[in-house]
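Here's the structure, in structure tokens; my notes come after.
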Amino acid sequence: MSFSDVVEAIKALSFEEKQEIQLLLQQYVMEERREEIYNNYKETKREEKNGELKFTTNIEAMKQIMEEG
């Protein structure tokens, strides 16, 4: 089923069904975002453990680090 098929199928739904689809999509997007945040957290913890993180309060040094990375 293609994306356009899904869009057309949604168009054919009742108002209440469309609202339910909207709520489900919002939940799915929030779950995916939480998973992404959690994975980023785990990766950062791994980098911290391996001494791969660099910290600075110097703006110029921070710019240099960002350009390198």
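Using the heavy atoms of the protein chains and a 1.4 angstrom probe, tell me the accessible area per residue for the chain in square angstrom.
On the way: 6600 Å² over 69 residues.
In whole numbers, the chain has 96 Å² accessible per residue.
Excluding residues on the same chain fewer than 8 positions from LYS45, give the lysines whose Cα lies under 18 Å from its Cα.
Those lysines meeting the cut-off are LYS54.
Give, in nm to one decimal, the length gained when the segment between GLU52 and MET66 is fully stretched (0.36 nm per residue of separation minus the Cα-Cα distance). Mind showing how you got there, number by number?
Working: separation 14, 0.36 × 14 = 5.04 nm, distance 1.34 nm.
So the chain would gain 3.7 nm between GLU52 and MET66.
The values are calculated or read from the model by the stated rules, or taken from the named source; none is laboratory data. Since the structure is predicted, the reported quantities are computational estimates derived from the model, not experimental observations. For accessibility, only protein heavy atoms count, side chains too; no ligands or nucleic acids. Shrake-Rupley method; radii C 1.70, N 1.55, O 1.52, S 1.80 Å.
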